[in-house]
Structures are given as C-alpha cells and as structure tokens.
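As structure tokens, the structure follows; a few thoughts come after it.
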Amino acid sequence: MNSASSDRSFFGHPRGLSTLFFTEMWERFSFYGLRPLLVLFMTAALMDGGFGFERGQASAIVGIYAACVYLASLPGGWIADRIIGLRRAILYGAVLISLGHISVGFSSFLGNKVPFFLGLVLIVLGTGLLKPNISAIVGDLYPEGGARRDAGFSVFYMGINIGAFFGQLVTGLLGESVGWHFGFGAAGVGMLLGLTIFITRAPKTLGTLGLEPARHPDPVVHARQQQRGKLGIAIGLGLLALVIILSATGMVTLNPQGIAANMTYILVGTAVAYFLYLFLLGGLTTDEKKRVGVIFVLFVFAAIFWSAFEQAPTSLNLFARDFTDRMVGGFEVPATWFQSVNSFFVILLAPVFAIMWISLGKRGKDPSSPIKFAFGLFFAGLGFLMMIVAANEVVASGGTARVSPWWLVGSYFFQTVGELALSPVGLSSMTKLAPRKFAGQMMGVWFLASAVGNLIGGRVGGHVDPEKLEQMPILFSRTSWSLLIAAAVCALLSVPIKRMMRESSAAKH
Ligand code: GLN
C-alpha cells in the first residue's frame, strides 16, 4: 500500500515524514507563538493596546481556547476518517488556522474584540482538523509498525518543539516589544508557510496516503453514513454560528470562569461516556477490552500530568512576567521567552531519551508505559517543588522581589524530563494499543487528556496575582503533591497492568 516504507531519505525516514515534520513545525510555531501572547494581551491595559481583562478571566479564556483546540481533535479525527480523508482534513485545517491568525492580527490593529474571538474559533476548528490527522499519517508512513515507527514519532516530536521554540521567541519579542499585531502576524505567517509546504510537497512525498476516507464495504451504508456525517457537521457549525452571533451582538454575555468550570465536567463526561461506549457497544474482543482498559488508565494519568504541565502559558507565564528577574545586562528578556525553555530542553533531551530506551530495551529492561508515566509524573512533581520555593521567596518579600530566573528554568527542566517520559510514549502507546477500527479516535482520546489539562491549567492560572500573593505557594504545592501522589499510584498500578498485558497478545506495549 505504501512504497514510502522502504524510503530512508529523511534522516533514515521516509521523505513523507519531512513534509509532515515541517508542516507540523510551522503549525506549532503559530500555535505556541500565539498562546502565551493571549493572556498577556488580554490582561494588558487598554492604553497598552490590550483588552484590560482581569487575570482570572483572561486565564480562563486561554484555558477554554486551548481545551477546545484539543477537544476538536475528536470530531476532527472522525471527519477525516469518515468523510474527507486525512489529507484534505490537514489542508482545510491549515487554511482555517491561517485565516484565524489573520483575523486575530487584525483585531489588535482595529482594537475590536469580535475578529479576535472569531479568529480563535477558526484556529480551534482548523487545529481539530490538522493535529490528530497529521499525527495519524505519521503512523501510516510505517505500516510495519515497530521501533521505526517509534523513532518516526520522536523525529516528529522534535519538529513540534523546534516550531514551538522559535514561535515563542519570535512572536514574544515582536508582540511584547514592538506591537501586539506584529506578534500575531508572525504567527500567521508561520502557518501560511506550513500550508505552502503541505500543498507543494504532499503530492510528491505522501503518495496516496490519507487521500480517501475509510469506506464501509456496502456502498449504500457508506452513502448513508456520509450523509449523516455531513448533517451532523452542518448542525454543529450552525449551533456554533448561533453562539457567535448571540455573543458578538451582546445578546448573550458569556462568563469565561463559569464556562471553564462547567467545561471540566463536559470533558470528563465526554471521556467517561466514550470509554463506556467502547466497552459496552464497541464490539471489542476480550483482548481489545484489556488494551482499552490500559488506554483508560494512561488517559487518566496523562490528564493529571497535562493539568500541571499546561500551566506554562498561564500561571508560570504570569510568574515570569511579574516575579522573575528578567534583566540580562541592560536587556529585559520578554516573559514569553521562558515558554521556549521547555522546547529547548525537548530538542536537547529527546535523543538522550531515545538512546536510553533503546539501550534499556537491548538489555530487556525497557520499562512498561505505566512505569514511564510514573517517572513522568514524578519529575514534573519535582519541577513544581522548585516553584514552591520560588513562590515563598516572593511572598516573604511582600511581592516586591524579582526572583532568579533559574527557578523557572530548573522547573521547566524537570517538567521536560517528565514530558519526554510520558508524551511521545503516550502517542506511540495509543497506536500500539488501539483496536484497529478505532485507531484515529484513540488519537483523539489522547488529545482529550491534553484538553482536560489545558482547561485546568487555565482555570488555576489566575492564582498567580500580586494582589493575592498567598495563593501562589498553595497552587504550586497542590500541583506538586497531586503529581507525586499520582506517580506513586501509577507505579503501583503498573504491576497488575503488566500482569494483565502479559496475558494479552499486546505484551509489548
Ligand atoms: N507539546 C506537544 C504538542 O504540542 C504536546 C502537547 C500536549 O499534548 N498537551 O504536540
């Protein structure tokens, strides 16, 4: 089916990976370039060109936005699988994201809130179409699976973080130091470059991969499924348009903190309902049920991990801006540059992790995925322990101290070690454990854990506030203890999970 599998022209990988690598690199450049600017822009005073929003509100909006970006992966994956195919989903997604950035950029220029929020909605819809499907095509490049697919995902993860690294540096500098719309504009230019790469390179490098949606063998059933799918999309878009019109005209006032609070239930409810559906009505064999059980456990721990980790654009971003000494010589390092520290460490450490897993594997000591997850949670917990110390230093000074930047850098280092033990491992575990017919949707489930994390990270972001100093150490200590306790529970659960998987055919998860 795929002649690309023997192709080794991109660092030993099929050349199709280079197309996906650079498209996703620019998509993440735009996503991560915009995200930390959002909270700074919305909380900046009106006279500084911002919206003058209160922190809790701005942070909740970022949480809802990022949660929706990842939540949209579920319908995005489904639409690609059933209706338009992966390739067109990626293409339409990239177009929508580019339009979204243009709209956001114009809003800061015009000082109008409507194109700003409309732009965010377009980015949500576009990313839902692009992100899960570009990840799924990576898996498709390696029909033989195995270690080469894992390695392909590692290379792809580097692309993600190269984009994130430069996105945050460039848009942060332009947005904070030159003007908001320059930062937003740079993010948009990045996505347009990604779109151009995909349009020009995909036909030459991806062959027929992802051109067609999955077909039901019976053409009548297939046509009916397509029709129902299109109707569902039309209803969804209609409801969305209604909400946009009602809120843009001021007929309905949306309360971000209230929505964020209820959205947690919606996300958790969606996950529980989806897993119940799979177990009860998914027609799974006993073996597949065991694997989905493991996916459920990994999902829960991933959601806990991302809830801490995704405080980077909210509470840790505000901590960088308000309480961190950012002067180097006479230059004030923009707060958003701290967002790049994580990506920098990923680029540096990803090869170390790859070598470590391979050498442990050769000696038959490659840890199981729950053990790797436990390590991930533990190291992220250490990262937040450092933030407790830093926060206490700020509180002791009555909020006047600007603490050493090394607290944040150290914290990001440990969080990144945690991320590398959990995130790429999670992606490849999904492709290995997923029952065949649910492969795409399982990638959506994986990103649902990120949706939960982004939402919680957004909801707690307002706790970093010079007016309410005492909340800060409490937030960081709750975060660390949750991570450390979760690490212990995950490590304990790894024993029965391993036993269960040994009995199943998926022993090498
Ligand atoms: N940094 C990774 C990415 O952007 C993972 C993010 C996540 O899943 N929360 O793809």
Ranked from highest to lowest mean number of other Cβ atoms within 10 Å per residue, what is the order of the peptides 337-343, 446-452?
446-452, 337-343
Amide H proximity to THR324 below 5 Å, modelled H, separation 5+ or other chain, gives VAL403
Rg/Rg_globular for the stretch 331-387, with Rg_globular taken as 2.2 N^0.38 Å and Rg from C-alpha atoms:
1.49
Reported to the nearest 10 Å², PHE198 has, with a 1.4 Å probe, an accessible area equal to 10 Å²
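Sort 65-72, 493-500, 324-331 for me by packing, meaning the mean count of neighbouring Cβ atoms within 10 Å per residue, highest on top.
Working: 65-72: 24.9, 493-500: 15.2, 324-331: 11.5.
Top of the packing list down: 65-72, 493-500, 324-331.
Let's see if you can work this out: charge +1 on each Lys and Arg Cβ, -1 on each Asp and Glu Cβ, no other charges. What is the dipole magnitude of the chain about its Cα centre, in debye to the nearest 20?
Magnitude of the dipole: close to 1620 debye.
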Placing +1 on each Lys and Arg Cβ and -1 on each Asp and Glu Cβ in the chain, then taking the dipole about the Cα centre, the residue among GLN415, ILE199, VAL389 whose Cα reaches farthest towards the positive end is ILE199
Applying 1/(1 + (r/R0)^6) with R0 = 35 Å to the Cβ-Cβ distance of LYS230 and THR286, what FRET efficiency is obtained, to the nearest 0.05?
0.45
With N set to the residue count of the stretch 1-129, report its C-alpha Rg divided by 2.2 N^0.38 Å to two decimal places.
1.26
Taking GluC sites (Glu not before Pro) as exposed when DSSP calls them loop (any state but H, G, I, E, B) and at most 16 other Cβ atoms lie within 10 Å, what is the longest stretch of the chain free of them, the sites themselves excluded?
145-469
Hey, rough spin-label estimate for ILE199 and MET251, points 7 angstrom out along Cα→Cβ, what's it come to in nanometres?
3.6 nm
Between the stretch 354-415 and the stretch 429-500, how many Å separate their Cα centres?
14 Å
Give the dimensionless ratio obtained when the Cα radius of gyration of the chain is divided by 2.2 N^0.38 Å.
0.94
What number, in percent, do you get for the relative contact order of the stretch 1-66 if the mean sequence gap of Cα pairs under 8 Å and at least 6 apart is divided by its residue count?
16 percent
In nm, to one decimal, how far is the modelled label at GLU144 from the one at VAL395, with both set 7 Å along Cα→Cβ?
5.7 nm
Residue separation between LEU492 and ASP325 times 0.36 nm, minus their alpha-carbon distance, gives in nm 56.1 nm
Cut-off under 30 Å on the C-alpha distance; same-chain residues fewer than 8 positions from LYS131 excluded. Which lysines are left, in chain and number order?
LYS113, LYS204, LYS230, LYS289, LYS290, LYS372, LYS432, LYS437, LYS508
Give me a comma-separated list of calculated 3J(HN,Hα) values for the stretch 238-252, in order, Karplus coefficients 6.51, -1.76, 1.60 applied at θ = phi - 60°, integers in Hz, x for any Gly or Pro.
x, 4, 4, 4, 4, 4, 5, 5, 4, 7, 5, 8, x, 6, 10
Protein accessible area in the chain, 1.4 Å probe - carbon and sulfur %
69 percent
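At 10 °C and 1.306 mPa s, what whole-number value in µm²/s does Stokes-Einstein give for the translational diffusion of the stretch 65-218, with Rh from the Kirkwood sum over Cα pairs?
96 µm²/s
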For the ALA223, GLU54 Cβ pair and Förster radius 41 Å, calculated FRET efficiency rounded to 0.05 is 0.20
Residue among SER73, GLY105, SER9 farthest towards the positive dipole end of the stretch 1-109, charges placed on Cβ
SER9
Where does the Debye-calculated log10 I(q)/I(0) of the stretch 188-318 sit at q = 0.09, 0.11, 0.16, 0.21 Å⁻¹, using only Cα point scatterers of equal weight, no solvent?
-0.55, -0.86, -1.42, -1.17
Roughly speaking, what is the stretch gain from ARG402 to LYS113, that is 0.36 nm per residue apart minus the C-alpha to C-alpha distance, in nm to one decimal?
100.7 nm
Separation between Cα centres of the stretch 135-174 and the stretch 1-75, rounded to whole Å:
12 Å
Could you calculate the FRET efficiency of LYS362 with ILE485 from 1/(1 + (r/R0)^6), where r is the beta carbon distance between them and R0 is 35 Å, rounded to 0.05?
0.60
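The values are calculated or read from the model by the stated rules, or taken from the named source; none is laboratory data. If you're wondering where the values come from, they're calculated on a predicted model, not measured in any experiment. A quick note on method: Cβ atoms are made from the backbone with ideal geometry, for glycine too, and the neighbour counts reach across all protein chains shown. Please note that ligands, DNA and RNA were not included when accessible areas were found on the heavy atoms of the full protein model with its side chains. Shrake-Rupley method; radii C 1.70, N 1.55, O 1.52, S 1.80 Å.
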